[in-house]
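Structure first, then comments.
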Amino acid sequence: MVVMVSGCTSEEPTETINETEETHPEAKNVVIVNSTGSFQYGYYYINGTVKNKNDFGVAYVKILVRGYDKNGELVAEDYTYANDTNLAPGAKSTFEVYLDDPGHEIVKYEAKVIDADKSLYEYESKSTDKSTKDRKFPLVLPEGEKVSCPYCGSFNNIVTDEIYLEREGKYLDYFECRNCGYMWEEKFSYPAYGTPA
């Protein structure tokens, strides 16, 4: 999926164009769910979020980004990788890239997932254990169980999802920081308990 965006923010793609580059089969169902772009000190800065819609894990998600001027001419292009190396089924990760734009020419950009590998990590399906299947996500953890964000250190986080890893006997929790937006995953020996966010 290619997303072309005008302006500085997009929760929904404003224009979709035909794919031209070959993509790895694993990349077909890894999509950009949101992105924003803005001019910053000689660069056009784009950041966004990708989601793995496959029923298996993926790794090394590669995103191509191109910036265009008001006439639709290509000004700059570059690629980047999702900030999380491995993405479980249904998991999200942020990405960011700076395009050279010393003349402040870029007025729109397009972003596309162009590659991904199948993860070597084996993710199990969601647990059918009564302790997790009936709970609603996202969750706010109680004060004594809060986890700090590895990016900004904030304790203002929510658990967005959870998967039970049968082989390891552990729970893989997906966190999102409400302070900086960083997303990450951690393993625990017990299911997360809290109140719906």
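Readers should treat all values here as calculations from the given coordinates under stated rules, not as data from a laboratory. Please read all numbers here as calculations on a predicted model, not as lab measurements. For neighbour counting, all protein chains shown are included, and Cβ atoms are generated from backbone atoms with ideal geometry for every residue, glycine included.
Once backbone amide H atoms are built at 1.01 Å from N, residue 182 has 177 as its partners under 5 Å, excluding neighbours fewer than 5 places away on the same chain.
3J(HN,Hα) along the stretch 78-86, derived from phi through the Karplus expression 6.51 cos²θ - 1.76 cosθ + 1.60 where θ = phi - 60°, amounts to 6, 10, 8, 10, 4, 5, 9, 5, 10 Hz, with x in place of Gly and Pro.
Among the listed pairs 136/170; 62/170; 70/92, a Cα-Cα separation exceeding 25 Å is found for 62/170; 70/92.
Each peptide among 71-83, 55-67, 171-183 gets the average number of other Cβ atoms lying within 10 Å of its residues, and from highest to lowest they stand as 55-67, 171-183, 71-83.
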